[in-house]
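Working notes for the structure below.
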Amino acid sequence: MKQYTIDELRPDDYEKLKAYLDENFAVAGMERLYWIPLDADVFEDAQRLHEQCRPHYFALELSPDRLACELLVRTNKRIKCDCIHYASRRQRDWLIQAVDAIFDRLEIVT
């Protein structure tokens, strides 16, 4: 699986990040997993056309020492669909900027 990972989180930073993710993003039904909805501005053609599959999102897994961001754009409506695929460069950049903005907001230095 392709991922964007930030490792070596400090315990205090983990607690801040967990609180923020718990408050702002839906927990994916499993502890430590979060869904960050992808902005429609960066949808690929299939994602634009598949309104019934929305929301499209990235899955994040938070561990005490790292945050792993899966680079697969998925939907919770279906397991297999043309609109589910690895992030384009633009989508990947969007995810990295979104995660960096969270770290900046929480004043976590990586």
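The values are calculated or read from the model by the stated rules, or taken from the named source; none is laboratory data. If you're wondering where the values come from, they're calculated on a predicted model, not measured in any experiment. A quick note on method: Cβ atoms are made from the backbone with ideal geometry, for glycine too, and the neighbour counts reach across all protein chains shown. The accessibility values were calculated without ligands, DNA or RNA, using every heavy atom of the protein model including side chains. Shrake-Rupley method; radii C 1.70, N 1.55, O 1.52, S 1.80 Å.
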Region 89-110 - residue that is at pLDDT 95 or above and open to solvent by 100 Å² or more (accessible area, probe 1.4 Å) and, of those, farthest from the chain's Cα centre (by Cα): 107
Region 65-88, residues that are under 16 Å from residue 46 (Cβ atoms), open to solvent by 70 Å² or more (accessible area, probe 1.4 Å) and at pLDDT 95 or above: 86
Given (1) closer than 19 Å to residue 107 by Cα; (2) surrounded by fewer than 17 Cβ atoms within 10 Å (Cβ to Cβ), number of the condition residue 9 does not satisfy: (2)
Scope region 44-59; condition closer than 17 Å to residue 88 by Cα and open to solvent by less than 10 Å² (accessible area, probe 1.4 Å); matching residues: 47, 56, 58
Residue check, residue 96 more than 20 Å from residue 12 (Cβ to Cβ), free of Cβ contacts under 8 Å to residues at least 24 places away in the same chain and of a type in the set (Val, Ile, Thr): no
Selection status of residue 21, touching a strand residue (DSSP E or B) at 6+ places or on another chain (Cβ under 6 Å), part of a helix (DSSP H, G or I) and under 16 Å from residue 99 (Cβ atoms): yes
Per-region count, region 16-40, residues of a type in the set (D, E, K, R) and exposed (fewer than 13 other Cβ atoms within 10 Å of the Cβ): 4
